[in-house]
Amino acid sequence: IRNPQRMIHHSPSGRTLHARFVGSNTVVIAELPTVADEPNKTASVWDVATGQRVADLPTEVGEELRMGQSSDSSIIVIPFADGSSYTLYETKTWKSLPSLPGTDARISRDGKVLTAVDGNKVRQWTLPSLSERSVKASVPEGYSVLDVSKDGSLLLLTNGSEMTSGLVVDTASGQTLATIPERLFRTGSGFSPDGRFVITQQQGDKEAFELWNAQSGSLV
């Protein structure tokens, strides 16, 4: 962007930064490790208007800044680098909120549902109230949650490798709605923004992607 309104100087030259907006006036920034054995970094919060550092967040973010926020931007979630836990922050004061159980936490695209996995059980909370929802879904052994639909009602489960089959599970009932046959699940694979489709990539010489009906598993 030419002639930016604000430059926020956060790290020495040559370092890689990830930045995520919280609302329209605040940015969370993390410096990423550049070599494999370099210690994980933590994130900091900056005011866009003033360019000033607002707070430091102790959560170690690893090789990318994975962050979600509630629909009103009052709560953000940052998973730890090793996936063992996560921290919720209240963005008015940037203080951490009481811990909730589980790993692999993520906030749905509409910002209204927090999903985490506690053992093999899926747990969800409504945001920003943090009231727990009734959920019967579980994660079969060897599987993990790859994606959550826009409203948190559907889960996409895979075995963690790029070449895998996928299960579309109804979160509330725990029922498996669809099975996606073995395909490439790479960056960008998962639910479409409206949750109607699952996006995968074909394997082979021809590069192409496929759309699957998330309710039936049929190829669209």
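The values are calculated or read from the model by the stated rules, or taken from the named source; none is laboratory data. Given the structure is predicted, the values throughout are model-derived calculations rather than measurements. With ideal geometry, Cβ positions are generated from the backbone for all residues, glycine too; neighbour counts draw on all protein chains shown. When the accessible area is computed, the model is the full protein with side chains, heavy atoms only, and any ligands, DNA or RNA have been set aside. Shrake-Rupley method; radii C 1.70, N 1.55, O 1.52, S 1.80 Å.
General observations
- Residue selected from the range 183-220 under the condition in a strand (DSSP E or B) and open to solvent by 80 Å² or more (accessible area, probe 1.4 Å), by the criterion modelled with the lowest pLDDT: PHE209
- Any pair with Cβ under 6 angstrom, 6 or more apart, that starts in the range 182-203 at a residue that is touching a residue at least 40 places away in the same chain (Cβ under 8 Å) and within 16 Å of VAL145 (Cα to Cα) and ends at one that is among the polar types (S, T, N, Q) and part of a loop (DSSP other than H, G, I, E, B): PHE191/SER149; GLY195/SER149
- Listing of strands (runs of 3 or more DSSP E) fully contained in the range 1-85 that carry 2 or more residues being touching a residue at least 40 places away in the same chain (Cβ under 8 Å) and closer than 30 Å to SER129 by Cβ: 16-22, 26-32, 75-79
- The residue that is farthest from the chain's Cα centre (by Cα), counting only those in the range 40-56 that are farther than 15 Å from GLY23 by Cβ and open to solvent by less than 20 Å² (accessible area, probe 1.4 Å), is GLY51.
- Of all the numbered requirements in (1) crowded, with 20+ Cβ neighbours inside 10 Å; (2) without any contact (Cβ under 8 Å) to a residue 40 or more places away in the chain, SER149 misses one, and that requirement is (2).
- Test for GLY111: is it open to solvent by less than 10 Å² (accessible area, probe 1.4 Å) and either aliphatic (A, V, I, L, M) or part of a loop (DSSP other than H, G, I, E, B) (or both): yes
- The lone criterion from (1) in contact (Cβ under 8 Å) with a residue 24 or more places away in the chain; (2) of a type in the set (S, T, N, Q); (3) closer than 24 Å to LEU184 by Cα; (4) surrounded by fewer than 19 Cβ atoms within 10 Å (Cβ to Cβ) left unmet by SER134 is number (3).
- Among (1) charged (D, E, K, R); (2) open to solvent by 70 Å² or more (accessible area, probe 1.4 Å); (3) at pLDDT below 90, the one test that ARG20 misses: (3)
- Looking only at residues in the range 64-113 that are hydrophobic (A, V, I, L, M, F, W, C) and under 10 Å from the mean Cα position of the chain (by Cα), the one that is nearest to SER24 (Cα to Cα) is MET67.
- Every residue from the range 153-182 that is assigned to a loop (DSSP other than H, G, I, E, B) and modelled with pLDDT under 95: ASN159, GLY160, SER161, GLU162
- Residues that are over 17 Å from the mean Cα position of the chain (by Cα), over 22 Å from ALA81 (Cα atoms) and not in a loop (DSSP other than H, G, I, E, B), drawn from the range 114-137: SER131, GLU132
- ARG106 vs. criteria open to solvent by 40 Å² or more (accessible area, probe 1.4 Å), under 25 Å from TYR143 (Cβ atoms) and assigned to a loop (DSSP other than H, G, I, E, B): no
- Of residues in the range 71-102 being at positive phi and in contact with a Ser or Thr (Cβ under 7 Å, 6 or more places away or on another chain), the one surrounded by the most Cβ atoms within 10 Å (Cβ to Cβ): SER73
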